[in-house]
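The values are calculated or read from the model by the stated rules, or taken from the named source; none is laboratory data. Bear in mind the structure is a predicted one, so any value in this text is a computation, not a measurement. In this analysis, Cβ positions are derived from the backbone assuming ideal geometry, glycine residues included, and neighbour counts consider all displayed protein chains. Remember, those area values only see protein heavy atoms, side chains included, never the ligands or the DNA or RNA. Shrake-Rupley method; radii C 1.70, N 1.55, O 1.52, S 1.80 Å.
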Amino acid sequence: MSHFFGKWLGLVVALALLLPFVVNPVYAGDPDKTVGGINPNHYVCVDNKGNIVDLDNDAITGDGDSATFDPDVTIDLDELEEECEDAADNENDNFNVELIRRSRLEGYVVEFHVDPGAPGGWRGVFSRDVPVFITGPGFEVFKGSDKDGSFYFDNLGAGPVTFNLRLPADAHAINPNVTVVTDGLPNTTSGIYLGFYRGEVAPSDVESLTGPDGVPLPPANFIFNEFIASDTDPFSGEVSGMPSVGGVLPPQTSIFSIVLAVVLLIALPLAGAVKLGRNRSD
């Protein structure tokens with residue numbers, strides 16, 4: 001019996017050793033199972049103040065609001081680094097090559113009050129001095145809304161940016177966790193309306209709520225690429241993941257791996273017990 005058990009245990013251990021070569025990690029992408037690297041066209045040369053240095057070997061022309069991006073150009077990142085270093089030497093300054101951060105996000109904070117004559121029974125008014133927080137990969141930034149309820153965030157890179165309000169105890173957010181996926185390029189996404197109300201009675205029909213100018217609120221936990229404010233479809237942007245970012249997704253644990261791990265947890269103590277029993281009998 002012990003001889004049979006020893007063979008069985010040896011087979012299980014052999015399968016465990018072969019597992020890394022049989023079960024491949026799961027990658028994102030299709031059909032080559034990889035995610036492409038960061039788009040080199042999104043790299044620019046910047047000076048020590050963060051201003052774009054206009055070079056021949058890049059896809060960006062100009063700087064600030066006047067900067068334009070040429071999607072048909074494919075740059076050589078090594079050449080861009082060399083040109084950036086030469087430009088720094090000519091100016092006797094420190095320049096760096098980094099991903100472009102020129103996206104801008106704009107919106108309004110709206111406080112809602114009960115009004116039977118308004119759409120949904122609640123009327124929205126722009127609210128000032130409300131802290132607006134944005135969070136993204138490795139950062140958190142906040143600023144207060146202006147006197148007309150407006151807010152904006154400049155110089156954002158590619159990736160998801162999530163909006164939330166920091167409210168007093170008697171106030172409640174209507175649409176928390178609104179996320180905009182930016183591309184880092186010189187463009188502006190506007191119409192991000194963040195609403196809240198005070199008291200214990202919440203609006204019953206959130207979808208009908210609009211700002212004072214008639215623009216509807218994005219739903220809570222909404223993700224969009226591009227906000228296109230229109231009378232018919234204000235949320236016409238397509239949902240997507242983070243652009244221009246490469247990498248490998250974490251491997252997912254298979255059922256086979258879990259079952260094998262459980263078998264080993266049971267088999268190894270039993271093997272020890274059998275071995276101990278044989279030693280005692282001898």
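Consider a paramagnetic label point 7 Å from the Cα of Glu79 along Cα→Cβ; state which residues of region 46-61 have an amide N under 13 Å from it. Zone members listed by number: 55-59. Could you tell me what % of all Cα pairs in region 137-225 have separations over 20 Å? The proportion of pairs with Cα distances above 20 Å equals 39 percent. Between Val141 and Ala87, the simple spin-label model (points 7 angstrom out along Cα→Cβ) gives 2.1 nm. With K and R counted +1 and D and E -1, the other residues having a Cβ less than 10 Å from that of Phe126 yield a net charge of -2. What the pair-distance distribution of region 168-211 shows, using all Cα-Cα distances binned every 5 Å from zero, is 5, 16, 24, 19, 14, 9, 7, 5, 1 percent. Each Lys or Arg adds one and each Asp or Glu takes one away; over the other residues whose Cβ falls under 10 Å from the Cβ of Ile100, this sums to -1. Per residue, the accessible area of region 120-223 comes to 47 Å² when a 1.4 Å probe rolls over the protein heavy atoms. Note on Val201 and Glu98: the extension gain reaches 32.2 nm, defined as 0.36 nm multiplied by sequence separation minus the Cα-Cα distance.
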